[in-house]
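Have a look at the structure below, then the notes.
Please treat every number below as a calculation from the coordinates, not as lab data. Please read these numbers as outputs of a predicted model, since none were measured by experiment. Reconstructed Cβ throughout: ideal geometry from the backbone, glycine too, with neighbour counts over all protein chains shown.
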């Protein structure tokens, strides 16, 4: 018996469930059914996602032996935000329900990994390549996204499901982590350009500062002159008390780790910001359906007080490095901010 979830609903039913998710007038019983449909749609991405992360790990290690590779299934809150921001998008069109990422030592290593994929003979079809290092987003986000359509010539159950790979440098990952952590505490979707204007501008400026350190194009709408960039960063950092607030947000939560977590394949992370607690539970590879069900329950439970995500990494030790936002770890980013403010880009 296969350990992977199978599609139980048509594309039309999946898209209808996505519409229900963003319709606040739908009664609870209608929403509950929609969540069941969405959860199955998310779960069927686990098989192709596992295939992609295995190849990503192999290719990444060939370039950087210390590459950090992880995979995750998109959170309900993120699905809701994306469908709300793009009303014409249907759930089945969403390209990043299943996503994996590789954190490389440098921009040069990221470029080598992209080149490795572009010139490979894998059977899956490259759907989209977005290079946000060459063309950074106005938010300051940088990295490279590769979206593939999964294909198997043996079993067609999961064919055409989209899987997104995010390739980032260590500095780019630290930036993205900090955006998520500040978003958690300010209760604003900063990564979706929503929330406090000062924080949004701060992260855009830091995106350009890191781009200068890495030798890549600057973020649109930020000063091109390093002196002007640094001046604006100093003023904004002082106004926000950014370094101290980032350190405060980075206070480690109490970690409640299931004793049986070691050696597991999937991990459910439940961060309760109100209680400052992080619960980590592991699941064997064959328990993916149970993990998916408990993931949905955790998201419902933490909808107002925190966040949850179902991920897979190479080891429990890699969890903190792969998902520092759930451990409220801002250390790397704070160090970069301090280096920049002390003249690293001057």
(request) Output the antiparallel fraction of DSSP beta bridges having both residues in the chain, as a percent to the nearest 5. (result) 75 percent
(message) With the crude spin-label approximation of a point 7 Å out along Cα→Cβ, what separation in nm comes out for residue 26 versus residue 119?
(response) 4.7 nm
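Over the range 223-346, consider all pairs of different Cα atoms and compute the Kirkwood hydrodynamic radius from their mean reciprocal separation; express it in Å, one decimal.
Details: mean 1/r = 0.0604 Å⁻¹.
This gives a value of 16.6 Å.
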(message) Taking just the alpha-carbon atoms of the range 4-141, what radius of gyration and Dmax come out, in angstrom?
(response) 17.5, 52
(message) Compute the helix-to-body angle for 170-186: its Cα long axis versus the longest principal axis of the chain, expressed 0 to 90° and rounded to tens.
(response) 80 degrees
(request) Compare 11, 154, 284 in a GNM of the chain, Cα atoms joined below 10 Å, and give the one with the largest fluctuation. (result) 154
(message) Can you give me the distance in nm between label points at residue 186 and residue 84, each placed 7 Å from the Cα along the Cα-to-Cβ direction?
(response) 1.7 nm
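Per the helix-only calculation at 222 nm, which mean residue ellipticity applies to the chain, given -39500 (n - 2.57) for every DSSP H run of n ≥ 4 and division by its residues, nearest 500 deg cm²/dmol? Each step should come with its number before you reach the end.
On the way: 12 runs with 152 residues, N = 346.
Calculated at 222 nm, the ellipticity per residue is -14000 deg cm²/dmol.
May I ask for the Rg/Rh ratio of the range 107-198, computed from Cα atoms with Rh as the Kirkwood radius, given to two decimals?
Rg/Rh for the range 107-198 comes to 1.07.
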(message) Counting just the Cα atoms, what span does the range 115-262 cover along each of its three principal axes? Round to the nearest Å and put the largest first.
(response) 59, 46, 25
(request) Please identify which residues in the range 313-327 have an amide N closer than 19 Å to a label point set 7 Å out from the Cα of residue 256, following the Cα→Cβ vector. (result) 326-327
(request) Please report the base-10 log of the normalised intensity I(q)/I(0) for the range 254-322, using a Debye sum with one equal scatterer per alpha carbon and no solvent, at each q in 0.12, 0.14, 0.21, 0.22 (1/Å). (result) -0.28, -0.38, -0.85, -0.93
(message) Assuming 0.36 nm per residue, please report the length gained on full extension of the stretch residue 3 to residue 227 beyond their Cα-Cα distance.
(response) 75.0 nm
(request) For the range 87-134, just the Cα atoms, rotate onto the principal axes and tell me the three extents in Å, largest first. (result) 37, 24, 19
(request) Arrange 3, 245, 72 by Cβ neighbour counts within 10 Å, fewest through most, would you? (result) 3, 245, 72
(request) Mind telling me which of 261, 139, 177 comes out most flexible in a GNM of the chain, alpha-carbon contacts under 10 Å? (result) 261
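As a test of the definition: which semi-axes, in Å, follow for the chain when you take the square root of five times each eigenvalue of its alpha carbon gyration tensor? Largest first, please.
Details: eigenvalues 206, 112, 82 Å².
Those come to 32, 24, 20 Å.
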(message) Taking R0 as 41 Å, what FRET efficiency do you get between residue 235 and residue 317 from their Cβ-Cβ distance, rounded to the nearest 0.05?
(response) 0.55
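If I take every Cα pair under 8 Å that is 6 or more residues apart in the chain, average their sequence separation and divide by the length, what percent do I get for the relative contact order? Write down the numbers at each step before the final one.
On the way: 603 pairs, mean separation 59.3, N = 346.
Value for the chain: 17 percent.
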(request) Please work out the C-alpha center-to-center distance from the range 101-128 to the range 283-346 and express it in whole Å. (result) 23 Å
(request) On a 0 to 90° scale, report how tilted helix 288-301 is relative to the longest principal axis of the chain, with both axes built from alpha carbons and the result rounded to the nearest 10. (result) 60 degrees
(request) Would you calculate the separation in nanometres between label points at residue 33 and residue 75, each defined as 7 Å from the Cα along the Cα-to-beta-carbon direction? (result) 2.9 nm
(message) Test of understanding: ordering 188, 234, 47 by Cβ neighbours within 10 Å, fewest first, what list do you get?
(response) 234, 188, 47
